[in-house]
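Below is one structure, written out as structure tokens; comments come after it.
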Amino acid sequence: MSIAIDTNVLVRILVQDPTAPDQCAAARRLVAEAAAAGEPLLVSLCALLETEWVLRSRYKVSRKAMSTAFIAMLETPGIEFEHDPTVEEALYLLDQYPSADFADCLLAARATHLGRARFVTFDAGAARLPRGELLQ
């Protein structure tokens with residue numbers, strides 16, 4: 001079983017949405033089956049970024065709760081991220097830099113892991129991240 005999951009599946013894993021109980025159950029069953037088979041489900045960085053946006057905008061999940069959920073997923077058998085070190089660093093940055101949002105933290109972390117020395121932005125909050133620079 002080699003499976004990458006979409007944002008809507010990831011959201012159902014994380015949120016017990018009363019409007020979609022069958023989907024929530026199916027998503028959780030998929031995680032359990034993947035763990036039992038030793039074939040983790042892949043969460044791409046794009047799906048993770050979109051999930052954060054859905055959790056924040058649709059479900060009004062707090063920054064701390066979202067971070068806690070993503071950390072728990074990092075430790076969940078049956079789920080793997082496209083690049084764990086990027087996710088871990090993005091969550092660390094999110095905790096350390098309250099003026100930056102998750103998207104900025106993920107972009108800066110990914111740039112670092114791709115060997116970039118600078119992260120250039122017009123966003124003053126994102127420019128405060130390590131290697132961040134405000135473009136003027």
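All of the numbers you see were taken from the coordinates with simple rules; none came from a lab. Note that this is a predicted model, so its numbers are computed, not measured. Every residue, glycine among them, receives a Cβ derived from its backbone with ideal geometry; neighbour counts consider all protein chains shown.
Dividing the mean sequence gap of close Cα pairs (under 8 Å, 6+ apart) by how many residues the chain holds gives a relative contact order of 18 percent.
Taking θ as phi - 60° and the Karplus parameters 6.51, -1.76 and 1.60, the scalar couplings of the stretch 26-32 work out to 5, 5, 5, 5, 4, 4, 4 Hz in sequence order, x denoting glycine and proline.
Taking Lys and Arg as +1 and Asp and Glu as -1, the other residues whose beta-carbon sits under 9 Å from that of CYS24 total 0. Positive-end ranking of GLY125, THR86, ALA27 along the dipole of the chain, with charges on Cβ about the Cα centre, is headed by GLY125. The long axis of helix 63-74 is offset from the longest Cα principal axis of the chain by roughly 60 degrees. Evaluated on the chain, the Kirkwood hydrodynamic radius is 15.6 Å, with distances taken between all distinct Cα atoms.
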